[in-house]
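Okay, so here's the structure we're looking at.
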Amino acid sequence: MKTLAERLYEMVEFSLGCTEPAAIAFNTAHLSKYLEGAESIEIEIDRMTFKNAFNAGIPNSKGLTGTKWAALLGYLISDTSKGLEIFQLLNDEILKKAVSSNIKIKINVVEKKHLYIKSSAKKANQTAEVVSLKTHTGISRITKNGKVIFYKKPEEEEEVEFDKAYYNPNIWEDLIDELYLNQSLRDRFKKAIEINMKAMEFGKRYSDEGLGVFGAVYARMGGDNIEVASCAGSGNKGLTATIPVVGYAKTIQAQEEETLKAVMMSCLITSLITSKFGFVSSTCGVVHAASVGLIAGILYLKKRLDLFDTIYKIYIEGVGGVFCDGAKRGCAMKALSSAKMALESIKLGEEGVKIGFEDGFLGKDFLDTLENLMKYDPYFKLFDRETIEILKKKEKN
């Protein structure tokens, strides 16, 4: 069984561009290793991943966007060494091949509970198939001419789950002190902070407002060539859980250790929430997870984690129910709105404002409220179906 430090380490990844197009490209890059010169490629993809990739920009592609281009470019790159930073390998030669390619790409949206990408290639009487399951780089099966040549056991494919004890704010400070002792985890978060603050600086060309989050998310979703550190499967969550926390730490002149611990706290809480809703979900992860992590990170710096439950209720009562309509530049507005609401909620909580658990979906504590929110998930999936229909109509135009 993995330790909490090992699990949190896995929650931080480094990617170039939106995570879902990168995951698709990572999958088809594997495909090309087993069948070159394909005549056609068919992709089966869960609806949540489809909507997130539909209009997301692809770095180094000179403006290309979306699922089909991600699949084709990944196949032509044919190199999986960069993981979710696969588009670092995209160059003019590959772009020319893609634009002139005769490979037929077909996309089928399928109903799956978790992230699911299956790519199939055909060439004469040869076939190959690659399946990604539950996580963006989680290759679970590879088949060549009907023969399984790689398979990962189902129990190894489960999304990360956390013990219920970790949802208790009273133990978070001690948890972070313990996690901080892990050198590899400290190094991971130092790199994450450095990368995301560089993304913030890059994003200022679009906007110098919005806590530094807006410009970074806007640039990333547009396909600009910037690296980001993701948290719990999302670069936008990583940016939102990091940038405002580091910004606040600078205003109070916090020491490097305290800043690092606060960002660890932010990502831990983001990960706890994400593990409930899934890495790719019907609800907006920036709103429901990352900005809650932001709250925890800043309260850690203020030494007021005792206010977390109170402030979480204020925050989630104001923003709960925001559904995800896909990854695109408009996500920058969700990141901006939720981050601002998080800071306003901290201010209100410190001023003594309280909202009772009798209100709406609020629970007695953090975990109780999360479990109440999860009861809405089947209904949010109905939003997904309508979003897919809207996107499919756009695809035809």
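The values are calculated or read from the model by the stated rules, or taken from the named source; none is laboratory data. Note that the structure is a prediction, hence the values are computed from the model and not measured. Ideal geometry is used to build each Cβ from the backbone, glycine not excepted, and the neighbour counts take in all protein chains shown. We work out accessible area using only protein heavy atoms, side chains counted, and drop any ligands, DNA or RNA first. Shrake-Rupley method; radii C 1.70, N 1.55, O 1.52, S 1.80 Å.
Quick notes on this one:
- When 103, 41 are checked against the criterion of being crowded, with 23+ Cβ neighbours inside 10 Å, under 24 Å from residue 392 (Cα atoms) and hydrophobic (A, V, I, L, M, F, W, C), a single residue qualifies: 41.
- Candidates 343, 373, 362 - the one that is closer than 30 Å to residue 258 by Cα and modelled with pLDDT of 90 or more: 343
- Count of region 113-125 residues, restricted to those that are at pLDDT below 90 and either open to solvent by less than 40 Å² (accessible area, probe 1.4 Å) or out of contact with any Lys or Arg (no Cβ under 8 Å at 6 or more places or on another chain) (or both), is 2.
- Filtering region 54-86 to residues that are within 20 Å of residue 100 (Cα to Cα) and assigned to a helix (DSSP H, G or I) leaves 67, 68, 69, 70, 71, 72, 73, 74, 75, 76, 77.
- Considering region 131-160, the residues that are under 15 Å from residue 279 (Cα atoms) and either of a type in the set (Ser, Thr, Tyr) or modelled with pLDDT of 95 or more (or both) include one that is surrounded by the fewest Cβ atoms within 10 Å (Cβ to Cβ), namely 137.
- Scanning region 19-36 for residues that are at pLDDT below 95, assigned to a loop (DSSP other than H, G, I, E, B) and surrounded by fewer than 24 Cβ atoms within 10 Å (Cβ to Cβ) turns up at least one hit.
- Test result for residue 225, surrounded by fewer than 18 Cβ atoms within 10 Å (Cβ to Cβ) and under 24 Å from residue 66 (Cα atoms): yes
- In region 251-284, the residues that are open to solvent by 20 Å² or more (accessible area, probe 1.4 Å) and closer than 30 Å to residue 46 by Cα: 275, 276, 277, 279
- In the condition set (1) within 28 Å of residue 392 (Cα to Cα); (2) free of Cβ contacts under 8 Å to residues at least 60 places away in the same chain; (3) not aliphatic (A, V, I, L, M), residue 329 is compliant with all but (2).
- Selection from region 342-362 of residues that are assigned to a loop (DSSP other than H, G, I, E, B) and either of a type in the set (Gly, Ala, Ser) or open to solvent by 70 Å² or more (accessible area, probe 1.4 Å) (or both): 351, 352, 354, 356, 357, 358, 360
- Some residue of region 45-52 being in contact (Cβ under 8 Å) with a residue 40 or more places away in the chain, among the polar types (S, T, N, Q) and either closer than 27 Å to residue 331 by Cβ or not in a strand (DSSP E or B) (or both): yes
- For residue 6: the one exception among (1) at pLDDT below 95; (2) of a type outside the set (S, T, N, Q); (3) under 12 Å from the mean Cα position of the chain (by Cα): (3)
- Residue that is nearest to residue 69 (Cα to Cα) [pool: residues in region 81-100 that are surrounded by fewer than 15 Cβ atoms within 10 Å (Cβ to Cβ) and either at pLDDT below 95 or not basic (Lys, Arg) (or both)]: 99
- The number of residues in region 161-196 that are modelled with pLDDT under 95 and farther than 26 Å from residue 244 by Cβ comes to 4.
- Filtering region 376-388 to residues that are modelled with pLDDT under 85, open to solvent by 50 Å² or more (accessible area, probe 1.4 Å) and of a type in the set (D, E, K, R) leaves only 385.
- Counted as qualifying within region 117-215 are the strands (runs of 3 or more DSSP E) with 3 or more residues that are among the polar types (S, T, N, Q), namely 126-133.
- Subset of region 44-53 (residues that are touching a Cys at 6+ places or on another chain (Cβ under 9 Å) and either closer than 20 Å to residue 98 by Cβ or open to solvent by less than 10 Å² (accessible area, probe 1.4 Å) (or both)): 48, 51, 53
- For region 296-328, residues that are under 18 Å from residue 366 (Cβ atoms) and either part of a helix (DSSP H, G or I) or touching a Ser or Thr at 6+ places or on another chain (Cβ under 9 Å) (or both) total 23.
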